[in-house]
Amino acid sequence: MAGYISSETIDLIHNTSDIISIVGEYTKLEKRSGNDWWGCCPFHGEKTASFHVDGDKKFYHCFGCHESGDVIKFVMEMEKLSYVDAVQSLAKKSGIPIKYQDGYNPKEIKHDNRAEEYIELYERTASMFHYMLMQTEQGKDALDYIKKRGLTDEILEKFKIGYSPADRRWLKKFLKSKNFTDEFLKDSGLFSKNYPDVAFFSDRLMFPIFNRKGQVVAFGGRIIHPQGPEDRKYLNSGDLIQYKKRETLYAFNFAKNAIRQNKKIIFCEGYMDCIAYHMSGIEYAVAPLGTALTEEQIKMISGFVDTVLLSFDSDEAGQNATKRAIYMCRGFDLPVKIIQLKGGKDPAEILLNFGKENLTAQVNNAILDSDYLLNRIGKLYPIDTPEGKTKAALEYFPYIDSLQSQIQKESCLEQLSQAFNLKPEAVKRDFLNRNQARERVNNRSNNNQNSTDKPITLNAELRGLIAVTADLAQYKKLRSSLAEEDFKNPDARRLFRLLEECFNNNTFSIPDILTACTDKQIQELITNVISSGMYQADNIDIVINDTIKYVKRNNLEEKRNNLVKRISEFIVVTEEDKTQLNNLLKEKMELDKQVQNYQK
């Protein structure tokens, strides 16, 4: 098919296309001499620039991975396009009319332009959603909600934030009135697969997802009026012909210039976190899209940055995501810092309550990933015992493994020695023989399991979760009252997370749950309790209610104790301080009442 396009057109595209500008969209290039440009290769992760672009010959070559070619091949590889589609794209960008050989009619040439057509659909849909939010009575609740979160009209316009109507059949009627066909809309990702007239997003605040060119290619939607516990807080578009979530970063189109200028990037949790950073003037923030950070996403930015900052949640899931992201970024030889937010649960809350100066200061005070990991590991293990110190060191060794520099490895081994008061020689020896050291610890743990590892016991938090497995229909009741972060017991949190994943994946049966469970102790607990007949229909409801009351009361008491400590340390100087203290006292009185209610 490529041969149908005339050689004159191909030559004109080669001569007209600015290969430096096009490649510069994907990696930072620096001029060395004449029209020779160098940068980090966008095809593989590297820290030292080995990617050469010859502006005169319109040619690129990487001396690391040996990728090479012209501007057409570059666009094919980076955008995953066919030869014809890459030519079409470059011709359109340069305003070049395409001519064909041997009298071929362009209409006879099959050109897969569905991606462009779906982008047009998503662009129009995003504009319609934005209008619904800003100009209609239907979007008033969503607009009130988002403005209470501190978003201005300017930001709403910039990010094209919108509202999807509650009537789930409205969107199909609207788009058909704009001459979109049923067949075309069927595979658009905007409608239910089982019910093609029903919109996938309804009664939600809509966050358009842009590609690097600033075109809308997908959506994320936050629910406004939840009807029950089964309603997910966020819905996100799945992979589409024009959108691959593993290869896309939210707000990258807005952030890319700031990323180049500052040579750093913030990876944060979600849409609102990302927008909060941009509102604070920190415009090099982006977010993964409904999934963990991927290698493809890191590769997108590796040629532009000297430092990666991570801003994930402080809960267990966020901590694990942070740890995984550290290892991945270090694998690309990227230095990492961790933003430890204080004064609010996320950047949006801190911005709203304390202002952009406070949020900016917290970003500037980000700590090194090595310090973050050592602090975390020090809390996970009893480092006042030889066994605890060994486990802590083994936990830290994978981070050292991820480092690309031998000097960095040596420095971190020394830091580990100092942090846990260990002899450097012993640490180095165990690191060099880390596999054997890990095996010794595992064997010792297995041999001493009966005496040192306490089996999981049915505490107050676990009772309700185990009772649910005896009658899975009761899970909706439990999850409508409690979330994972409400549980303090780590075993209970793991079991709740397991049940939640199975529930959301529609694999909610005992065999499915046991298959998905990787914790043998929890597996045994579930099977033993169900087999024993401990929970019957007449007492399951009581057990679940008791668990909900217990967990809520404990959380309220913890919140009250923290508030009492804050009040006791509060110093009154100004009238404003008096007002703030009175507000704290009122808050304590309200918490007292709530605690008493759960004690009845």
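The values are calculated or read from the model by the stated rules, or taken from the named source; none is laboratory data. Since the structure is predicted, the reported quantities are computational estimates derived from the model, not experimental observations. Here the Cβ is made from the backbone with ideal geometry for all residues, glycine too, and neighbour counts use every protein chain on show. Note: accessible area is taken over every heavy atom of the protein model, side chains too, but ligands, DNA and RNA are not part of it. Shrake-Rupley method; radii C 1.70, N 1.55, O 1.52, S 1.80 Å.
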Cross-chain or 6+ apart pairs with Cβ under 9 Å, the range 366-390 first and farther than 29 Å from K342 by Cα, then of a type in the set (K, R) and part of a helix (DSSP H, G or I): E387/R444; T390/R440
Does E183 fit the bill of being assigned to a helix (DSSP H, G or I), modelled with pLDDT of 95 or more and open to solvent by 30 Å² or more (accessible area, probe 1.4 Å)? no
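Residues are listed down the side, and each one gets a yes or a no for (1) open to solvent by less than 50 Å² (accessible area, probe 1.4 Å); (2) closer than 20 Å to D306 by Cβ; (3) of a type in the set (D, E); (4) at pLDDT below 90:
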position: V363; (1), (2), (3), (4): yes, yes, no, no
position: A366; (1), (2), (3), (4): yes, yes, no, no
position: S370; (1), (2), (3), (4): yes, yes, no, no
position: D384; (1), (2), (3), (4): no, no, yes, yes
position: G388; (1), (2), (3), (4): yes, no, no, yes
position: Y399; (1), (2), (3), (4): yes, yes, no, no
position: S402; (1), (2), (3), (4): yes, yes, no, yes
position: Q418; (1), (2), (3), (4): no, no, no, no
Looking at the range 333-392 only, could you name the residues that are part of a helix (DSSP H, G or I), among the small types (G, A, S) and in contact with a Lys or Arg (Cβ under 9 Å, 6 or more places away or on another chain)? A348
Being in contact with an Asp or Glu (Cβ under 9 Å, 6 or more places away or on another chain), without any contact (Cβ under 8 Å) to a residue 60 or more places away in the chain and assigned to a helix (DSSP H, G or I) narrows it down to one of K213, K147, so name that one. K147
Among the residues of the range 229-247, which ones are open to solvent by less than 20 Å² (accessible area, probe 1.4 Å) and part of a loop (DSSP other than H, G, I, E, B)? S237
Collect the residues in the range 556-594 that are part of a loop (DSSP other than H, G, I, E, B) and either more than 17 Å from G343 (Cα to Cα) or of a type in the set (D, E) (or both), keeping them in residue-number order. E569, I571, V572, V573, T574
For residues in the range 119-176 being small (G, A, S) and either closer than 22 Å to L351 by Cα or in contact with a His (Cβ under 8 Å, 6 or more places away or on another chain) (or both), which is most open to solvent (accessible area, probe 1.4 Å)? A166
Can you find even one residue in the range 190-197 that is in contact (Cβ under 8 Å) with a residue 60 or more places away in the chain and open to solvent by 10 Å² or more (accessible area, probe 1.4 Å)? no
